[in-house]
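The values are calculated or read from the model by the stated rules, or taken from the named source; none is laboratory data. None of these values were measured; they are calculated from a predicted model. Quick reminder, even Gly has a Cβ in these numbers, built from the backbone with ideal geometry, and neighbours come from all protein chains shown.
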């Protein structure tokens, strides 16, 4: 075991993947950096996740693109259909909009439309999350948007081991995977096993164990909820905290097993208040496992507005630990 | 191409024509679930294009109007027909349908329901060929309507920037559904746009057999040998409606619609081939097309379990089972 950041774990996982399989290519904007310029050192991606790859594996496999998300996401999809394993970096998930046809209609449907003859071993790595003053078009958390598109797997890692492991598993899957990396978590450190083993898609992780209340959290809401769980323990409220790791496929059994103990569900998510992941999970539990609930489930999400810019407003927009504690205590009173 | 090759092209193109006519008849008889977009008028061009290609090393992506391309790349006609008819035994067991024909095993990667959506995918096939060193090329076939889509422009630029072996093909039939290409398309011509991106580009008359042979052979060879992208714009008539059965009230009764297959037949006869020989080939093509479509009509529709496999595989909520 060793400690590393999510950024470094992803970087090492990419080195592992590219070294192990010559069909793995990495595609995106500024991922090597400095294309067409005479300067020396590479940028390695705006978040530094792809640094060093071009020097090791060459610019034939670490491919800087023009700012043309529709074209390069579609190119990656076509490449996955014909023998490559592309890892695409979509700098911010806010840019899903300009590439959405290629994701929603092309990547998501190719497996089905081929009757399973085509496999799509590809992953679109993108970033999510507010909290760094990036404003309304560089801060969204759009994982819930993709929930409505059959044919995609969706991962939201919150630890270095999960980030590296889910990335590796994503390239082993037949379905295309979109992985949402929270910008605020890139520097988050944690223990990892020496070889960064794959983490199966569809298996959640029990982060904190308790029998008073079940909290399901994703992305940056996981560490916020961990801190809340510690505070709540001091107040005698014992939290079962679940990080689903992939929201598609969703490990529903881990959640229902927990609800059998607690009967109380709080979902904390940085996606939308209406029709997002939190709503989808509450709906699923209510439809299939209503009898497990002692009280009405609760969701904690940002308000239904674009992400604001001013520090005060952005700070109030993102769910935080104190809010999670308050919501959990309220749920315990219900 | 040898004289025998050209006679085979004639028969193949007529096979596609007859296939489309049989599909139209099947649609009229209520055998087709949805609307079909027939390639009437483009058969000769598509046959000549695909005769230059070597699937599955080469991969073609096409538009919603791709029955002919799939057949020209060698996809099994009965399987293509069964897919269009929504039958078990179709290319994808009837799950895809007329706009979603996939025969990657033969070099026809996919057709598409989104105008222009197939074009970035071809860049991907080109990237695979380049990275894996197969010597293959990719071909993105689209209509003039798609040539106004942003993703198409992005892909042309990307292909130049990354130096990808992809041939862009614009079948210009003058219509985007009911809208004239002259109305919808700014600038001088699609090839002027392509040249502005740095692509090698040519235009060709889709009914001129000599021009087709010369132009397609040159551009395909150029893409293959240089590994660089190119574009060809082919004028092809749309001999039918946007979809089969459309009233086409927007078209003029005086509009000339010269049939490339008639022009080709005249050319063959001028070259010394007999009219009887041409006739025999047309009859044989019609019989084969009728047989393929009739066999497809006789196939059952897929069982509901065909879908259940997918609803299970893609279920977002999966009890216990990791992917």
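Considering only the range B:131-157, state which residues are within 8 Å of chain A (Cβ to nearest Cβ) and over 15 Å from residue A:101 (Cα atoms).
Keep residues of the range B:131-157 that are within 8 Å of chain A (Cβ to nearest Cβ), which gives B:131-132, B:138, B:150-151, B:154-155, B:157.
Passing the criteria: B:131, B:132, B:138, B:157.
Considering only the range A:123-149, how many residues are assigned to a loop (DSSP other than H, G, I, E, B) and closer than 19 Å to residue B:316 by Cβ? Give the derivation first.
Restricting attention to the range A:123-149, the residues satisfying the condition of being assigned to a loop (DSSP other than H, G, I, E, B) are A:129-142, A:148-149.
Filter again for closer than 19 Å to residue B:316 by Cβ, leaving A:141-142, A:148-149.
The qualifying residues number 4.
Within the range A:81-103, restricting attention to residues that are assigned to a helix (DSSP H, G or I) and either at the interface with chain B (Cβ under 7 Å from one of its Cβ atoms) or more than 25 Å from residue A:10 (Cβ to Cβ) (or both), which residue is farthest from the chain's Cα centre (by Cα)?
Going through the range A:81-103, the residues assigned to a helix (DSSP H, G or I) turn out to be A:81, A:93-103.
Still in the list and also either at the interface with chain B (Cβ under 7 Å from one of its Cβ atoms) or more than 25 Å from residue A:10 (Cβ to Cβ) (or both): A:81, A:101-102.
Working: A:81: 24, A:101: 20, A:102: 19 Å.
If we take residues in the range A:81-103 being assigned to a helix (DSSP H, G or I) and either at the interface with chain B (Cβ under 7 Å from one of its Cβ atoms) or more than 25 Å from residue A:10 (Cβ to Cβ) (or both), then A:81 is farthest from the chain's Cα centre (by Cα).
Return a yes/no flag: does the range A:29-44 have any residue that is in a helix (DSSP H, G or I) and either at pLDDT below 95 or over 29 Å from residue B:306 (Cα atoms) (or both).
Within the range A:29-44, the subset in a helix (DSSP H, G or I) is none.
Scanning the range A:29-44 turns up no residue that is in a helix (DSSP H, G or I) and either at pLDDT below 95 or over 29 Å from residue B:306 (Cα atoms) (or both).
Take the conditions crowded, with 22+ Cβ neighbours inside 10 Å, out of contact with any strand residue (DSSP E or B) (no Cβ under 8 Å at 6 or more places or on another chain), touching a residue at least 60 places away in the same chain (Cβ under 8 Å) and part of a loop (DSSP other than H, G, I, E, B) and apply them to residue B:134. Does it pass? It would help to see each step written out before you state the result.
On the way: crowded, with 22+ Cβ neighbours inside 10 Å: no; out of contact with any strand residue (DSSP E or B) (no Cβ under 8 Å at 6 or more places or on another chain): yes; touching a residue at least 60 places away in the same chain (Cβ under 8 Å): yes; part of a loop (DSSP other than H, G, I, E, B): yes.
So residue B:134 does not fit the description; no.
Within the range B:104-118, take every residue that is more than 9 Å from chain A (Cβ to nearest Cβ) and not in a loop (DSSP other than H, G, I, E, B) and give me the one that is surrounded by the most Cβ atoms within 10 Å (Cβ to Cβ).
Taking the range B:104-118 as the starting set, the residues that turn out to be more than 9 Å from chain A (Cβ to nearest Cβ) are B:106-108, B:111, B:115.
Cutting the leftovers down to not in a loop (DSSP other than H, G, I, E, B) gives us B:106, B:108.
On the way: B:106: 20, B:108: 31.
Step by step, filter the range B:104-118, then rank; the result is B:108.
Take residue A:241 and decide whether it is within 14 Å of another protein chain (Cβ to nearest Cβ), more than 20 Å from residue A:129 (Cα to Cα), within 18 Å of the chain's Cα centre (by Cα) and modelled with pLDDT of 95 or more.
no
Search the range B:212-222 for residues being crowded, with 16+ Cβ neighbours inside 10 Å and within 19 Å of the chain's Cα centre (by Cα), and hand back the single one that is nearest to residue B:57 (Cα to Cα).
The residue in question is B:220.
For the range B:141-251, which helices (runs of 4 or more DSSP H) that fit wholly inside it have 1 or more residues that are under 30 Å from residue A:28 (Cα atoms)? Please lay out each step first, then the result.
On the way: elements: B:150-162, B:181-184, B:190-196, B:209-226.
Fully inside the range B:141-251 and qualifying: B:150-162, B:190-196, B:209-226.
Condition check: farther than 15 Å from residue A:110 by Cα, free of Cβ contacts under 8 Å to residues at least 12 places away in the same chain and over 14 Å from the mean Cα position of the chain (by Cα). Does residue B:162 satisfy that? Steps first, answer last, please.
Working: farther than 15 Å from residue A:110 by Cα: yes; free of Cβ contacts under 8 Å to residues at least 12 places away in the same chain: no; over 14 Å from the mean Cα position of the chain (by Cα): yes.
So residue B:162 does not fit the description; no.
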